Amino acid sequence: MTTSTNDVTVLGIETSCDETSAAVVVNGRTVLSNAIYTQIEIHKEYGGVVPEIASRKHIEQVDMMVERALADAGVTLDDITAIAVTHGPGLVGSLLCGVSSAKALAYAAKKPLVGVNHIEGHICANLITHSELEPPFVCLIVSGGHTHIVVVEEHCSYRLLGRTRDDAAGEAFDKVARVIGLGYPGGPKIDAISKESKSPVYFKPPFLRDNGYDFSFSGIKTAVINYVHNAEQKHEEICAADVAKGFQDAVVEVLVTKLMCAAESTGINKVVLAGGVSCNSALRAACDAESKKRGFEMYYPTPVLCTDNAAMIASAGYYRYCRGELADLSLNAMPNLRLF
Ligand code: KG4
Ligand code: ZN
């Protein structure tokens, strides 16, 4: 691709959890490269992400991912306008690898540095997938660490409607998958095995009593654990597909009901999903059906942009860069960084 002198070409770096990624994105929407090294195979053995191992792998991989992203994009550091890096939220050791690497690059190449909130990155994945998408829109962010419903009023400006009070949706998928013996990461496995279910186990959809936009997933997780223990005590076999589908149905019902309610009450007819769980086929099907009934436009990121990647960080970095929000070399990892 040829770029013009007015183009803003951002090198993005993402290391907040168990993916090491670097990407080159032009003007926030055009991805020239998106190199991703996933550590899933390594953490599988332990049933979840081991922070110390994640940090060590990021250190090993981050420079290689940057080199690959530049090479795949056919650019050099000279062509880069700014370097954007996830500085939170996430695992502190993992975040530090990306932040230190981005600071070193920015210093050595004399490039502006932008600190990016990982959740904002997930939202921006949609701006890459849908080049016509502009705020305002209502967004449900559902990932391994986060569950939020927000109104994106304009680029970089958010109004929080609801959030989880305990576990994130993806975290509940991962824990339930472990309990029914599917292994890590659980979300895609629950999604796949649910399709084999003939008689789903009923779990009550976890609506909170106050009917607001907040979520709670720890109760349904406990209900599944109790169901499994009960069966074990009676020496009965559980059907993993039926448990998985019952759990997924209940979670999807709550997510979709609240998301549609949020769009109706705000009068915004553009509805957006973001984060790893937005890959879920049942969630997408339910969102499609419910939004169609209401005449809403539904948007999802392409699957590779649903889970962690640096292209979405470069996109978010672009919008922050355009607002002049630059970081200096004191930029630090902030494991609990908030966006709203
Ligand atoms: O966005 P992400 O890569 O990481 C965080 O920022 O947390 O999301 C990872 C989460 C994991 O919990 C994973 O199980 C879940 O997304 N996930 C899914 C699916 N694909 C990934 N959950 C349900 N169904 C899926 N198809
Ligand atoms: Zn993420």
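Please verify whether G74 is open to solvent by 10 Å² or more (accessible area, probe 1.4 Å) and within 23 Å of the chain's Cα centre (by Cα), treating the condition exactly as stated. No, not satisfied. Of all residues in segment 296-311, at least one satisfies being over 18 Å from P135 (Cα atoms), of a type outside the set (A, V, I, L, M) and part of a helix (DSSP H, G or I).
Within segment 35-47, the residues that satisfy the criterion of being crowded, with 18+ Cβ neighbours inside 10 Å and more than 14 Å from ligand 2 (Cβ to nearest atom) are A35, Y37, H43.
Residues in segment 176-188 that are surrounded by 21 or more Cβ atoms within 10 Å (Cβ to Cβ) and assigned to a loop (DSSP other than H, G, I, E, B) were compared, and the one that is nearest to ligand 2 (Cβ to nearest atom) is P185. Checked against (1) over 19 Å from the mean Cα position of the chain (by Cα); (2) buried (at least 21 other Cβ atoms within 10 Å of the Cβ); (3) on the phi > 0 side of the Ramachandran plot, N27 meets all criteria but (2).
Filtering segment 259-283 to residues that are open to solvent by 10 Å² or more (accessible area, probe 1.4 Å), touching a residue at least 40 places away in the same chain (Cβ under 8 Å) and away from ligand 2 (no atom under 16 Å from the Cβ) leaves C261, T266, I268, K270, S281, A282.
Tallying residues that are more than 16 Å from ligand 2 (Cβ to nearest atom) and hydroxyl-bearing (S, T, Y) within segment 116-144 yields 1.
For the residues H118, H122, H146, the requirement of being within 15 Å of ligand 1 (Cβ to nearest atom), closer than 15 Å to S16 by Cα and surrounded by fewer than 24 Cβ atoms within 10 Å (Cβ to Cβ) singles out H146. For segment 189-222, a residue qualifies if it is surrounded by 18 or more Cβ atoms within 10 Å (Cβ to Cβ) and either aromatic (F, W, Y) or farther than 16 Å from T164 by Cβ (or both), and the qualifying residues are K189, I190, D191, I193, S194, S197, P200, V201, F203, Y213, F215, F217.
Residues that are of a type in the set (D, E, K, R) and open to solvent by less than 60 Å² (accessible area, probe 1.4 Å) within segment 302-333 comprise D308, R320, listed in sequence order.
The values are calculated or read from the model by the stated rules, or taken from the named source; none is laboratory data. A quick note: this is a predicted structure, and the numbers were derived from the prediction, not measured. Quick reminder, even Gly has a Cβ in these numbers, built from the backbone with ideal geometry, and neighbours come from all protein chains shown. With ligands, DNA and RNA removed, areas are computed over all heavy atoms of the protein, side chains included. Shrake-Rupley method; radii C 1.70, N 1.55, O 1.52, S 1.80 Å.
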